[in-house]
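As structure tokens, the structure follows; a few thoughts come after it.
Please treat every number below as a calculation from the coordinates, not as lab data. As the structure is a computational prediction, the values presented were derived from the model and not from experiment. We place every Cβ from the backbone using ideal geometry, glycine too, and count neighbours over all the protein chains shown.
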């Protein structure tokens, strides 16, 4: 059993968000949906909480009303191996009204922040050659969605292609 579980506060989209997230990540599923009873904080029968799993990580979502909102101060970090995974996850998480940010960060349509980060980024930023690491870091700082080929080219000292 997981001892620490991220708990996400939504206005009234907890079930919709959980279903969206489990449709994006492999090995994911809705575990439990609890509903308001008579005298609950919401209308009887409406969703109160959703417990779900994203690729082995259990999360809980609450329909808590409009009192609190997500901020960039917390995000879900997704480590991926390939550019194809970066592109697929980025596109799915941003669809329907999400917003790109910088350095691999985005907000989804519910306002939750995510980082979609290829393992190549930490490898390049941790390169034993400080000049390579610096060039990779500088390239990343100019990106929204991470581009692995552009990071590798920057680390190698290849100037970016001007379009």
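Side notes on the structure shown:
- Scan the stretch 1-20 for residues that are assigned to a strand (DSSP E or B) and more than 14 Å from residue 111 (Cα to Cα) and the total you get is 1.
- Meets criteria (surrounded by 20 or more Cβ atoms within 10 Å (Cβ to Cβ) and more than 11 Å from the chain's Cα centre (by Cα)) for residue 125: no
- Qualifying residues in the stretch 21-47 (those that are in contact with a helix residue (DSSP H, G or I) (Cβ under 8 Å, 6 or more places away or on another chain) and in a strand (DSSP E or B)) - the one surrounded by the most Cβ atoms within 10 Å (Cβ to Cβ): 47
- Selection status of residue 108, in contact with a helix residue (DSSP H, G or I) (Cβ under 6 Å, 6 or more places away or on another chain) and under 22 Å from residue 10 (Cα atoms): yes
- Scanning the stretch 135-163 for residues that are out of contact with any helix residue (DSSP H, G or I) (no Cβ under 9 Å at 6 or more places or on another chain) and over 21 Å from residue 73 (Cα atoms) yields a count of 2.
- One residue stands out in the stretch 49-72 among those that are touching a helix residue (DSSP H, G or I) at 6+ places or on another chain (Cβ under 8 Å) and free of Cβ contacts under 8 Å to residues at least 40 places away in the same chain: the one that is nearest to residue 30 (Cα to Cα), namely 52.
- Within the stretch 111-130, tally of residues that are more than 30 Å from residue 13 (Cβ to Cβ) and touching a residue at least 24 places away in the same chain (Cβ under 8 Å): 5
- Residues located in the stretch 134-153, provided they are without any contact (Cβ under 8 Å) to a residue 24 or more places away in the chain, within 25 Å of the chain's Cα centre (by Cα) and buried (at least 16 other Cβ atoms within 10 Å of the Cβ): 136, 137, 139, 150
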